[in-house]
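Worksheet: one structure, shown below.
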Amino acid sequence: MYDFMSNVYLGNWQYRFKGTPHMRNAFKKRQKESILAHELACIGLWFNLRKLCPNLDKLVNSERIYEILWCHDLGEIIAGDVSLALQVKGRGTDKNEIERKEIIKMAGKISKKTLRALINYFDAFEEKVERMNNLEIIVSKLIDNIQGHHFALIFGNDHKKHSELINKILNRSFVPRARRLLQVLKERKHKKAYEEAKWIIESFVEQFKKAGVELKLEKIY
C-alpha cells in the first residue's frame with residue numbers, strides 16, 4: 001500500500017491543461033492544477049453540490065462517487081494529462097489504454113481487491129458516455145468536467161478570444177455528460193432530481209457567459 005501511495009504522491013507535480021491557450025497566463029503565474037489537486041477539488045465540488053441537490057443525492061452512493069473521483073485520473077500521474085484542448089486536435093487517441101496500463105504498473109503489490117476496484121472504476125469511467133447507465137459514474141463524469149472547466153474559468157485568460165476552441169471542448173466533453181445524466185434521470189422518472197441536475201447544468205453554463213465566452217452549444221435537453 002505504501003509503495004502504491006508513494007507513486008500516487010507524484011501526482012502533486014503532474015500538471016493539467018498542457019497546450020491550452022487560454023491557460024497560458026496561469027502557467028506563467030505558476031497557477032497550475034496538479035492531477036491530485038484536481039481529484040481533491042472534484043471531491044470537494046460534489047461535497048458541496050450534494051447539499052444543494054438532496055433528491056439527486058438520495059439516488060446515489062456518495063462514498064462510491066468519492067472513490068471514483070479520487071482514482072479517476074491516477075493513470076495520468078505517470079503518463080501525463082492529454083488536455084481537452086489537445087484532444088479536440090486529435091491527440092491522445094490511445095490515452096485510455098496507456099493510463100489503464102499505468103494504473104496496474106504503479107499499483108505494484110497492492111491487494112487484488114483494491115486493484116480490481118481501481119480497474120473496474122477506470123473501465124466504467126472511460127466507457128462511452130452514451131452507454132453509461134450507472135448514476136455514480138455519470139455524476140462523477142460530470143463533476144470531473146465541471147471542476148476542470150471551472151478552474152480554467154477562474155485562472156484562465158482571454159476566454160472570449162478562445163470561444164471557438166472552448167465551444168469545441170464543451171461540445172466534446174461537457175454536453176454529452178450533461179445530456180446523459182438528464183436522459184437517465186428522465187427515463188427513470190426522477191423528476192425532482194432531474195430539475196436539480198438541470199439547475200447544476202444551467203448554472204454552470206452561466207459561468208461561461210459571465211466570462212465572455214460566445215457559446216454555441218449543442219442541444220443538451
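Counting neighbouring beta carbons within 10 Å and listing from fewest to most, the residues LEU170, LEU215 come out as LEU215, LEU170. Here the range 129-143 is scanned for amide nitrogen atoms under 13 Å from the site 7 Å beyond the Cα of ALA117 along Cα-to-Cβ, giving none. Normalising the Debye intensity of the range 2-210 to I(0), with uniform scatterers on Cα atoms only, and taking log10 at q = 0.09, 0.16, 0.18 Å⁻¹ returns -0.35, -1.14, -1.41. A straight line joining the Cα centroids of the range 14-41 and the range 91-149 runs 20 Å. For the residue pairs LYS58/LYS168; LYS128/LYS191; LYS28/LYS210; LYS192/LYS216, the C-alpha atoms sit more than 31 angstrom apart in LYS58/LYS168. Straight-line cross-link partners of LYS105 among the lysines, defined as a Cα under 16 Å from its Cα and at least 8 positions apart when in the same chain: LYS95, LYS113.
If the chain linking ASN157 and ASN171 were pulled fully straight, counting 0.36 nm for each residue of separation and taking away their Cα-Cα distance, it would gain 3.0 nm.
Placing a label point 7 Å from the Cα of SER6 along the Cα-to-Cβ direction, the residues of the range 73-114 with a backbone N closer than 18 Å are 77-78, 103-111. Taking the helices alone, the chain has a mean residue ellipticity at 222 nm of -20000 deg cm²/dmol, built from -39,500 (n - 2.57) per DSSP H run of at least 4 residues and averaged over all its residues.
No lab work stands behind these numbers, since they all come straight from the coordinates. As the structure is a computational prediction, the values presented were derived from the model and not from experiment. Neighbour counts are summed over all protein chains in view; Cβ atoms, including those assigned to glycine, are modelled from backbone coordinates with ideal geometry.
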